[in-house]
Amino acid sequence: MTNGFKIIGISIRTTNANNQSGQDLGKLWGQFFAENIIEKIPNKNSSNILAIYTDYESDYTGEYTTIIGVPVSTLDEIPDGLIGREFEADNFQKFVAKDGEWTSVANVWIDIWQQDKELNRKYSYDFEVHNGSSEVDIFIAV
C-alpha cells in the first residue's frame, strides 16, 4: 500500500506504439530540466522527481498520460503552464532499475510489460521515483 499524494508538473499524452513514448518522454524530460520546472513548483514536500503514468486508454499498448513533477503539500497554487493532480492511495508492486540510466529503466518497463497478465495490473496509475540516487523505484498498481 502506498499513500496517496499530490503532484505538480508537466504532462504529455503518448503511446508505446512505434516507440512514440520514447520520443515523447525524452522531450518531456528534456523540457523538465531545460525549463527548470522543479524551481517553478510551489509547496514542494520532497525533492524526489516523480514520473506518473495514468489515464490509461486500455493497457500498456494504448494511449496514456505521463506527468513529470514533484510531490506537493497542496494544489492551491498551480503555476501557468503546469498541471496539478491528486492520486489516491493504492496497492503497488515495486520494481527497481539498479543504475537509474534511461536504458535500465526502459528495460525494467519491458520486463513489466512481459509480465502484464501475471501482475494483474490495475492501470489506475503507475509511477517512478527519481530520488537522486543511482536507483529508480518503479511502482505498478496491482
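The values are calculated or read from the model by the stated rules, or taken from the named source; none is laboratory data. These numbers were taken from a predicted model, which means no experiment stands behind them. Here the Cβ positions follow ideal geometry from the backbone for every residue, glycine too, while neighbour counts run over all protein chains shown.
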Legend entry - Those residues of the stretch 90-137 which are touching a residue at least 12 places away in the same chain (Cβ under 8 Å) and among the polar types (S, T, N, Q), in sequence order: Asn91, Gln93, Ser104, Asn120, Ser124, Asn131, Ser133, Ser134
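Here's the yes/no breakdown for (1) within 17 Å of Asn16 (Cα to Cα); (2) basic (Lys, Arg); (3) at pLDDT 90 or above:
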residue	(1), (2), (3)
Trp102	yes, no, no
Val105	yes, no, yes
Lys117	no, yes, no
Asn120	no, no, yes
Tyr123	yes, no, yes
Val129	no, no, yes
Glu135	no, no, yes
Inset, instruction - For the stretch 1-23, name all the residues that are touching a residue at least 12 places away in the same chain (Cβ under 8 Å), closer than 15 Å to Thr66 by Cβ and over 13 Å from the mean Cα position of the chain (by Cα). - result: Thr15, Asn16, Ala17, Gly22
Inset, instruction - Working only within the stretch 115-128, note down all residues that are surrounded by 17 or more Cβ atoms within 10 Å (Cβ to Cβ) and under 10 Å from Val142 (Cα atoms). - result: Arg121, Tyr123, Tyr125, Asp126
